[in-house]
Amino acid sequence: MKNLLITGGCGFIGTNFIRYLFNQPDFTGRMINVDRLTYAGNPENLKDIEKMFPDRYVFVQADICDPEKLAGIFDAYDIDTVCHFAAESHVDRSIVSPDDFIKTNIIGTFNLLEIARNRKNRLRRFHHISTDEVYGSLGNDGYFTETTPYQPSSPYSASKASSDHLVRAYHTTYNLPVTLSNCSNNYGPYQFPEKLIPLMILNALEGKPLPVYGDGKNVRDWLYVDDHCSAIWEILRHGKEGETYNVGGDCELENITLVETICDAIDNATGKDAVKARRELITFVKDRPGHDRRYAIDATKIKKELGWMPKTPIEKGIQSTINWYLENDNWVTRVRSGAYREWIQRQYQTE
């Protein structure tokens, strides 16, 4: 693994994976981070990495929907491994503007696969990161396995399901050395504030309402982002070509329970508001269309075949995440700022 291409490395999971990998003694190669720098992509997340590893970390601002530029990157850096994070990923945004999700998640993945196929003799591995949302909604019992039929409910999950099928087809048809992973809900540092956990943390800290969809009984399996990164690293090194691995946190929680846990942790960390505890900020709002009721991952395969296990209990992970946002309020202010986004666009000449 001499030249590893990371797509979407300035986003939440990509940022954490890059930081994780440079702490692994058995990764000695060069990393090329390609990111379009949409609203959730922040190159400032990795400025310290750029300074610490000037000969081993390269950032290239590029769109995976631009095949000519992608091909040039593959050739210029002699790419031998691909780890594909880049995606539009927020369900609510996909309901309002599905076209961005079709373009990036399907066409962008197709472009990467085609370029990799045309350079197959150089390629060691093409790993595709996906989501448990492709499986649809579970009832009160059961778990998603790697053989669960796909039943996506939102434009986001449908676009990811399509990209998963493309990746598998390129293995079957062209013998491309692919692996896939479908993960449960990630949380941790550097997550854009629109997602549930950082939104609840920041609103609770600011005394704002905590909007919870429907009755709050929707269930998700929560996975700390560093645990997810360790799973991806195991798959990249030891996963079997053509195989899919489900990656879960063994942590099912109703949304309302999760929000209450965050409220209590913030109360304990910062002291209760002079008038009320944070739980009193919880506000139930109209449910979103097609809101899946329950997700739960069976991660037996990756545990047995690769020896991976999640290591971070939810209480520890939530506290660590809250502490990160408390200690990085300047980061929060910047990523929320329209002026900061305009500066990023000028700096990197994005649209």
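The values are calculated or read from the model by the stated rules, or taken from the named source; none is laboratory data. From a predicted model like this one, the values you see are computed outputs, not experimental measurements. Positions of Cβ are backbone-derived with ideal geometry, glycine not excepted, and every protein chain shown enters the neighbour counts.
If I filter region 21-52 down to residues being without any contact (Cβ under 8 Å) to a residue 60 or more places away in the chain and aliphatic (A, V, I, L, M), which single residue comes out as surrounded by the most Cβ atoms within 10 Å (Cβ to Cβ)?
The residue in question is Val34.
Of the residues in region 164-218, how many are among the polar types (S, T, N, Q) and over 30 Å from Glu241 (Cβ atoms)?
Here the count works out to 3.
Taking Val178 and the conditions (1) farther than 27 Å from Glu254 by Cα; (2) surrounded by fewer than 21 Cβ atoms within 10 Å (Cβ to Cβ); (3) in contact (Cβ under 8 Å) with a residue 12 or more places away in the chain, which numbered condition does it fall short on, given that it satisfies the others?
Every listed condition holds for Val178 apart from (2).
Answer with yes or no whether Phe126 is out of contact with any strand residue (DSSP E or B) (no Cβ under 8 Å at 6 or more places or on another chain), surrounded by 17 or more Cβ atoms within 10 Å (Cβ to Cβ) and closer than 17 Å to Asp164 by Cα.
Considered against the rule, which asks whether it is out of contact with any strand residue (DSSP E or B) (no Cβ under 8 Å at 6 or more places or on another chain), surrounded by 17 or more Cβ atoms within 10 Å (Cβ to Cβ) and closer than 17 Å to Asp164 by Cα, Phe126 comes out as no.
Any idea how many residues of region 58-80 are of a type in the set (Val, Ile, Thr) and surrounded by 22 or more Cβ atoms within 10 Å (Cβ to Cβ)?
Number satisfying all stated conditions: 2.
Going by the structure shown, is Tyr156 assigned to a loop (DSSP other than H, G, I, E, B) and under 15 Å from the mean Cα position of the chain (by Cα)?
So Tyr156 fails the test.
Tell me which residues, restricted to region 280-312, are farther than 26 Å from Gln151 by Cα, out of contact with any Cys (no Cβ under 8 Å at 6 or more places or on another chain) and in contact (Cβ under 8 Å) with a residue 24 or more places away in the chain.
Answer for region 280-312, where residues must be farther than 26 Å from Gln151 by Cα, out of contact with any Cys (no Cβ under 8 Å at 6 or more places or on another chain) and in contact (Cβ under 8 Å) with a residue 24 or more places away in the chain: Thr283, Phe284, Glu305, Leu306, Gly307, Trp308, Lys311, Thr312.
Of all the residues that make up region 92-105, how many are of a type outside the set (Lys, Arg) and either surrounded by fewer than 20 Cβ atoms within 10 Å (Cβ to Cβ) or under 21 Å from Asp75 (Cβ atoms) (or both)?
8
Please give the number of the condition Asp55 fails out of (1) in a loop (DSSP other than H, G, I, E, B); (2) crowded, with 20+ Cβ neighbours inside 10 Å.
Condition (2) is where Asp55 drops out.
Going by the structure shown, is Asn246 surrounded by fewer than 19 Cβ atoms within 10 Å (Cβ to Cβ) and of a type in the set (S, T, N, Q)?
When the stated conditions are applied, Asn246 does not pass them.
Do you know which of the residues in region 271-324 that are over 19 Å from Glu260 (Cα atoms) and of a type in the set (Gly, Ala, Ser) is surrounded by the fewest Cβ atoms within 10 Å (Cβ to Cβ)?
Of everything passing the filter in region 271-324, Gly307 is surrounded by the fewest Cβ atoms within 10 Å (Cβ to Cβ).
In the list Tyr170, Tyr135, Tyr150, Tyr143, which residue meets the criterion of being farther than 18 Å from Asp298 by Cα and either touching a Pro at 6+ places or on another chain (Cβ under 9 Å) or at pLDDT 95 or above (or both)?
Going through Tyr170, Tyr135, Tyr150, Tyr143 in turn, just one is farther than 18 Å from Asp298 by Cα and either touching a Pro at 6+ places or on another chain (Cβ under 9 Å) or at pLDDT 95 or above (or both): Tyr170.
Could you check region 65-112 for helices (runs of 4 or more DSSP H) lying wholly inside it with 1 or more residues that are in contact with a Pro (Cβ under 6 Å, 6 or more places away or on another chain) and among the aromatic types (Phe, Trp, Tyr)?
98-101
Do the conditions hold for Ser162, that is, is it in contact with a helix residue (DSSP H, G or I) (Cβ under 7 Å, 6 or more places away or on another chain), of a type in the set (S, T, N, Q), in a helix (DSSP H, G or I) and surrounded by fewer than 21 Cβ atoms within 10 Å (Cβ to Cβ)?
So Ser162 fits the description; yes.
Residues Thr38, Thr7: which one is touching a Gly at 6+ places or on another chain (Cβ under 8 Å), on the phi < 0 side of the Ramachandran plot and of a type in the set (S, T, N, Q)?
Selected residue: Thr7, the only one of Thr38, Thr7 that is touching a Gly at 6+ places or on another chain (Cβ under 8 Å), on the phi < 0 side of the Ramachandran plot and of a type in the set (S, T, N, Q).
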